[in-house]
1. Measure off, as a whole percent, the carbon and sulfur share of the 1.4 Å-probe accessible area of region 1-102, all protein chains present.
2. Give Lys43/Lys187; Lys96/Lys138; Lys19/Lys94; Lys19/Lys43; Lys7/Lys128; Lys71/Lys113 a once-over and call out the pairs whose C-alpha atoms are over 21 Å from each other.
3. Which whole-Hz ³J(HN,Hα) couplings does region 19-32 yield from phi under the Karplus relation 6.51 cos²θ - 1.76 cosθ + 1.60, θ = phi - 60°, glycine and proline marked x?
4. Region 1-54: which GluC sites (Glu not before Pro) are DSSP loop and have at most 15 other beta-carbon atoms within 10 angstrom?
5. Between 0 and 90 degrees, rounded to the nearest ten: what's the tilt of helix 177-195 against the longest Cα principal axis of the chain?
6. For helix 65-86, report the angle its Cα long axis makes with the longest principal axis of the Cα atoms of the chain; keep it between 0 and 90° and round to the nearest 10°.
7. Whole number in Å², please: accessible area per residue of the chain, 1.4 Å probe, ligands, DNA and RNA not counted.
8. Within region 140-216, which trypsin sites (Lys or Arg not before Pro) sit in a loop by DSSP and count at most 14 neighbouring Cβ atoms inside 10 Å?
Amino acid sequence: YRAHEHKDMESILDDHILKQLNKDSYVMHDHNTVNYNDAFVFKNLECIVHLERDLEKVIQILHHDWADDLKKLINEHIHERKTLIDSGMKSFGKEKTSMFHERLQAVLEQAAKQNEADYNRYYGKEEKALINRLHKYKDNYFMWISDFSLPISDNLSERNLRCIKSKMKISGQFKSEESADNYALIKSYIETCRKNGINEITALQRLAEGRPYTVQEIFKIKTA
């Protein structure tokens with residue numbers, strides 16, 4: 001965890017994480033456009049759960065069929081993917097993948113027609129932006145169709161951030177960027193220990209004693 005006043009390129013570079021990733025790395029996010037910057041070489045994946053939320057807004061506000069059709073297409077393939085993974089498969093195969101993209105293209109053509117024919121002055125602009133985004137970033141949204149090793153959502157990251165969101169809702173905000181960064185550092189230490197089998201209380205006790213777990217201890221790295 002890191003704390004910054006703004007979510008921008010300067011903050012991302014200051015984290016010294018994304019810049020270190022190579023062309024074989026994947027980064028999943030909720031359409032954070034700065035991640036598509038030419039300074040990075042990793043592959044971008046778009047979260048399907050967030051996409052489904054955007055589609056549900058279209059369904060509830062505009063009642064346009066295309067959004068419901070796309071949700072059904074996605075859920076159908078997610079369910080089938082789980083079944084195939086359980087049977088040891090690693091992808092849908094070329095024919096099934098090609099059929100998916102044909103159906104996707106048909107839905108997007110339907111979406112453009114419905115947006116134009118039944119343009120809503122209150123939400124039509126947002127719907128059109130979503131359609132354009134799907135056209136431009138469809139490979140990033142649906143890479144999981146041809147490679148089952150890739151995730152379909154960033155739910156794990158979302159769960160890890162929930163406690164911070166809850167704190168901000170209760171407290172309103174952090175008093176300063178420094179206090180937010182202190183919180184982030186402590187949270188990083190606790191979460192790293194916990195996810196590597198170290199009890200949180202023990203980790204905090206050692207931290208309070210001035211002898212926190214080291215990277216070598218946490219990841220059981222042998223030193224020469």
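1. With neighbouring chains kept in place, the figure for region 1-102 is 50 percent.
2. Lys43/Lys187; Lys19/Lys94; Lys7/Lys128
3. Result, rounded to whole Hz: 5, 7, 6, 9, 5, 8, 8, 10, 10, 9, 7, 9, 6, 8.
4. Glu5
5. Helix 177-195 and the main axis of the chain meet at about 90 degrees.
6. Roughly 60 degrees, rounded to the nearest 10.
7. 65
8. Lys175
The values are calculated or read from the model by the stated rules, or taken from the named source; none is laboratory data. In this text, all values refer to a predicted model and were calculated from it rather than measured experimentally. Methodologically, a virtual Cβ is constructed for each residue, glycine included, from the backbone with ideal geometry; neighbour enumeration extends over all protein chains shown. Note: areas computed on protein heavy atoms with side chains; ligands, DNA, RNA excluded. Shrake-Rupley method; radii C 1.70, N 1.55, O 1.52, S 1.80 Å.
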